[in-house]
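The values are calculated or read from the model by the stated rules, or taken from the named source; none is laboratory data. Note that the structure is a prediction, hence the values are computed from the model and not measured. Virtual Cβ from ideal backbone geometry, glycine too; neighbours counted across all protein chains shown.
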Amino acid sequence: MSPRRVPGPGWPIARPGMTVGLLGGSFDPAHAGHVAITDEALRRFALDRVWWLVSPANPLKPDGPAALDRRMAEAGRIMRHPRVEITALEVQLGSRFTADTVRHLSEIYRGVHFVWLMGSDNLATFHRWDRWRDIAARVPIGVLARPGHRLAGLSAPAARALARHRLTDPHRLAGSAPPAWAFATIPLRAESSSRLRCKGAWKQGRDGSTGS
């Protein structure tokens, strides 16, 4: 499908000049840590909006996530903020990799300033992402500290390769031309999707059904 079109019903709305943070992931399940990171990203990176991109599947994870509609519903239940939108844009775009997602969104939403958001745990493995240099060349990247991964992220190959493009003031990130990235040290929280899955409550589900 060609992404060069004006978004219609079912697509989030953003006007030219707006700054929009993109937080991608399986959200399997969404939890309070995702909410905290989103709140901090809005403030630290001076964003107008944040869109959660609930992915159909993560190419780097061998096990499939719960059904998309279930993950979307849980994300909508836990994340209630007037400037945050829960989306399945990667499904709508037909994109599997982040490099394709940011390219398509930049083509569709002309004049919108997108910022890719990630935790420091993702920065630690960013150099393994498909066409990660293309991502860094297309959108600024906002990195938020995650427990146990701050030093690993900052010393990772991608961080070293992009060292001269790191901004000291995170508030300047959204208005900076890529490549540009900033690191925000935030209050750390221990929640993680994998920990919640290990506890069994998510896979079983509150209605007694089993997550797929």
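Descriptive notes on the structure:
- Here ALA124 meets the list (1) in contact with a strand residue (DSSP E or B) (Cβ under 9 Å, 6 or more places away or on another chain); (2) crowded, with 20+ Cβ neighbours inside 10 Å almost entirely, failing just condition (1).
- The listed residues are LEU117, LEU105, and the only one of them that is out of contact with any Asp or Glu (no Cβ under 8 Å at 6 or more places or on another chain), in a helix (DSSP H, G or I) and at pLDDT 95 or above turns out to be LEU105.
- Among residues of the stretch 69-85 that are in contact (Cβ under 8 Å) with a residue 24 or more places away in the chain, those with a beta-carbon under 9 Å from a residue that is among the charged types (D, E, K, R) and in a helix (DSSP H, G or I) at least six positions away or on a different chain give the pairs HIS81/ASP39; VAL84/ASP39.
- Candidates ASP69, ASP63, ASP130, filtered to the one that is of a type outside the set (Phe, Trp, Tyr), surrounded by fewer than 19 Cβ atoms within 10 Å (Cβ to Cβ) and outside any loop (DSSP other than H, G, I, E, B): ASP69
- Picking from residues in the stretch 26-48 that are out of contact with any helix residue (DSSP H, G or I) (no Cβ under 8 Å at 6 or more places or on another chain) and closer than 24 Å to SER95 by Cβ, the one that is surrounded by the fewest Cβ atoms within 10 Å (Cβ to Cβ) is ASP48.
- Within the stretch 145-157, the residues that satisfy the criterion of being at pLDDT below 95, of a type outside the set (Lys, Arg) and buried (at least 17 other Cβ atoms within 10 Å of the Cβ) are ALA145, HIS149, GLY153, LEU154.
- Every pair of residues 6+ apart whose Cβ atoms lie under 7 Å, when the first sits in the stretch 136-147 and is at positive phi and among the basic types (Lys, Arg) while the second is in a strand (DSSP E or B) and buried (at least 22 other Cβ atoms within 10 Å of the Cβ): none
- Count of the stretch 153-182 residues, restricted to those that are among the hydrophobic types (A, V, I, L, M, F, W, C) and part of a helix (DSSP H, G or I), is 5.
- Residues of the stretch 49-60 that are at pLDDT below 95 and either surrounded by fewer than 22 Cβ atoms within 10 Å (Cβ to Cβ) or hydrophobic (A, V, I, L, M, F, W, C) (or both): PRO56, ALA57, ASN58, PRO59, LEU60.
- The condition (being part of a helix (DSSP H, G or I), surrounded by 19 or more Cβ atoms within 10 Å (Cβ to Cβ) and among the small types (Gly, Ala, Ser)) is satisfied by just one residue among ALA99, ALA137: ALA99.
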